Amino acid sequence: MAMYIRVKRNKTTYFVQCDPTETILDIKQKLCSLIDQPVNDQRLILRATGEVLEDSKTLADQKVENDAVVALTLRKDGSEFEDVNIEPPNDSFYSREDGSPSR
Amino acid sequence: MWGKKIPTLLELCIQTAIDNVRYLGDVGETDIDLLKDILPHCTVDHLMHIENSTEAKQRDVDEAQNRAVDRFKQRFGNEVVSK
Amino acid sequence: MTKEEMVTLISAEGFEFVIDKKAAMVSQTIRNMLTSPGSFAESREGKVTFPEISTTILEKICQYFYWSLQYASGKETEFHIEPELTLELMMAANYLHT
């Protein structure tokens, strides 16, 4: 396994195995089988930079590295995409969390 | 083919705990079996700090600590330890 | 990466981590849950709840699973553990035989 990314939405994190040469569309297709949402209704955002990731580009192109956190937002009923929502872990370590990506 | 043995998470944690022994505080929730590998790496000051942080839940931490203190005494003599 | 190949681990606070079964089985305890026939209802549904493991710790454990797979395939990096997580992570690792 070359690398993995952590795709987060609300209280759920998907660990997705991938390769730096895969495109964002490839990743969305993988997610599609897990969350039953068509790729067109998915948007992926690199949390470290807030950058919206483009379907045609590869992970390497957009500096998405091993263990990176990527936010997933969805579009329901053809309307706008929802805002990024990643719930912070509601545990005793939470105060330490500043929302920055882990290394 | 498996090359080098993969370190278990437990081994990595114990190593991290030993490397950061000066930050150890309340060990009241930690299994004594796990502490056995860590406490011998403490200085007397560390042990006192751990003991004070853990007080209410003493259990047999005392025992492991006393053993470590005994070893310390053997090595450095009693006067270092007595306060 | 189909649903059948994945398993969901749920933390004490109800956060869900969807990971490859292959990764989860790095833990001997989870391997037993997923492979012993009929013993765990959760395993049939592909969901395992850990009421004793907090979210931050469970995520760290999942990261370790993947790190371990990478290590096995020859990518030998260092696994970073934050000192403040050590004791609780150690307890969980002990429980999960990891």
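Out of curiosity, is C:Ile10 surrounded by 15 or more Cβ atoms within 10 Å (Cβ to Cβ), in contact (Cβ under 8 Å) with a residue 40 or more places away in the chain and among the β-branched types (Val, Ile, Thr)?
yes
Which of (1) touching a residue at least 40 places away in the same chain (Cβ under 8 Å); (2) in contact with a strand residue (DSSP E or B) (Cβ under 6 Å, 6 or more places away or on another chain); (3) more than 27 Å from C:Ile57 (Cβ to Cβ) is the odd one out, the single condition A:Val52 does not satisfy?
(1)
For the subset of segment A:35-45 comprising residues that are in contact with a strand residue (DSSP E or B) (Cβ under 6 Å, 6 or more places away or on another chain) and among the hydrophobic types (A, V, I, L, M, F, W, C), which member is farthest from A:Lys63 (Cα to Cα)? Spell out how you get there, then give the answer.
Narrowing segment A:35-45 to residues in contact with a strand residue (DSSP E or B) (Cβ under 6 Å, 6 or more places away or on another chain): A:37, A:41, A:43-45.
From what is left, the residues that are among the hydrophobic types (A, V, I, L, M, F, W, C) are A:44-45.
Working: A:Leu44: 13, A:Ile45: 12 Å.
Checked segment A:35-45; the qualifying residue farthest from A:Lys63 (Cα to Cα) is A:Leu44.
Quick one: B:Met1 ticks every box in (1) at pLDDT 75 or above; (2) in a loop (DSSP other than H, G, I, E, B); (3) of a type in the set (A, V, I, L, M) except a single one, so which number is it?
(1)
For B:Arg71, all conditions in the list (1) modelled with pLDDT of 85 or more; (2) in a helix (DSSP H, G or I) hold save one; what is the number of the exception?
The failed condition is (1).
Please specify each residue of segment A:59-97 satisfying the condition of being over 24 Å from C:Gly14 (Cβ atoms) and surrounded by fewer than 17 Cβ atoms within 10 Å (Cβ to Cβ).
As a first pass, look at segment A:59-97 and keep what is over 24 Å from C:Gly14 (Cβ atoms): A:59-66, A:68, A:75, A:77-81.
Result: A:Ala60, A:Asp61, A:Lys63, A:Glu65, A:Arg75, A:Asp77, A:Gly78, A:Ser79, A:Glu80, A:Phe81.
Looking only at helices (runs of 4 or more DSSP H) that lie completely in segment C:36-98, which have at least 3 residues being buried (at least 18 other Cβ atoms within 10 Å of the Cβ) and polar (S, T, N, Q)?
C:55-72
Could you grab the pairs with beta carbons closer than 6 Å, sequence gap of 6+ or different chains, first residue in segment B:12-40 and within 9 Å of chain C (Cβ to nearest Cβ), second one hydroxyl-bearing (Ser, Thr, Tyr) and buried (at least 19 other Cβ atoms within 10 Å of the Cβ)?
Final answer for the pair search is B:Cys13/C:Thr86; B:Thr16/C:Thr86; B:Ala17/C:Thr86; B:Asp26/B:Thr54; B:Val27/B:Thr54.
For A:Ser33, all conditions in the list (1) closer than 14 Å to C:Lys3 by Cα; (2) hydroxyl-bearing (Ser, Thr, Tyr); (3) buried (at least 19 other Cβ atoms within 10 Å of the Cβ) hold save one; what is the number of the exception?
Here A:Ser33 clears every test but (3).
Report whether or not C:Val18 is within 14 Å of chain A (Cβ to nearest Cβ), among the aliphatic types (A, V, I, L, M), out of contact with any strand residue (DSSP E or B) (no Cβ under 7 Å at 6 or more places or on another chain) and not in a helix (DSSP H, G or I). Reasoning before the result, please.
On the way: within 14 Å of chain A (Cβ to nearest Cβ): yes; among the aliphatic types (A, V, I, L, M): yes; out of contact with any strand residue (DSSP E or B) (no Cβ under 7 Å at 6 or more places or on another chain): no; not in a helix (DSSP H, G or I): yes.
No, not satisfied.
In segment B:15-56, which residue that is assigned to a helix (DSSP H, G or I) and among the small types (Gly, Ala, Ser) is surrounded by the most Cβ atoms within 10 Å (Cβ to Cβ)?
Taking segment B:15-56 and keeping what is assigned to a helix (DSSP H, G or I), we get B:15-19, B:21-23, B:32-41, B:44-56.
If we keep only those that are among the small types (Gly, Ala, Ser) too, we end up with B:17, B:53, B:56.
Details: B:Ala17: 25, B:Ser53: 14, B:Ala56: 7.
Of everything passing the filter in segment B:15-56, B:Ala17 is surrounded by the most Cβ atoms within 10 Å (Cβ to Cβ).
Among the listed residues A:Asn66, A:Asn85, A:Asn10, A:Asn90, identify the single one that is touching a Gly at 6+ places or on another chain (Cβ under 9 Å) and within 14 Å of chain C (Cβ to nearest Cβ). Steps first, please.
Values: A:Asn66 fails: touching a Gly at 6+ places or on another chain (Cβ under 9 Å); A:Asn85 fails: touching a Gly at 6+ places or on another chain (Cβ under 9 Å); A:Asn10 fails: touching a Gly at 6+ places or on another chain (Cβ under 9 Å).
Just a single option satisfies the conditions, and that option is A:Asn90.
Answer yes or no as to whether C:Leu96 is in contact (Cβ under 8 Å) with a residue 40 or more places away in the chain and within 12 Å of chain A (Cβ to nearest Cβ). Explain how you work it out, then say what you get.
On the way: in contact (Cβ under 8 Å) with a residue 40 or more places away in the chain: yes; within 12 Å of chain A (Cβ to nearest Cβ): no.
Considered against the rule, which asks whether it is in contact (Cβ under 8 Å) with a residue 40 or more places away in the chain and within 12 Å of chain A (Cβ to nearest Cβ), C:Leu96 comes out as no.
Looking at C:Tyr64 and the list (1) within 16 Å of the chain's Cα centre (by Cα); (2) away from chain A (no Cβ under 12 Å); (3) within 19 Å of C:Val7 (Cα to Cα), which single condition is not satisfied?
The one condition C:Tyr64 does not meet is (2).
Would you confirm, using the coordinates I've provided, whether A:Asn10 is exposed (fewer than 14 other Cβ atoms within 10 Å of the Cβ) and at pLDDT 95 or above? First the steps, then the outcome.
Details: exposed (fewer than 14 other Cβ atoms within 10 Å of the Cβ): yes; at pLDDT 95 or above: yes.
In short, yes.
The values are calculated or read from the model by the stated rules, or taken from the named source; none is laboratory data. Please read these numbers as outputs of a predicted model, since none were measured by experiment. Heads up, the Cβs are rebuilt from the backbone with ideal geometry, glycines too, and the neighbour counts pull from every protein chain shown.
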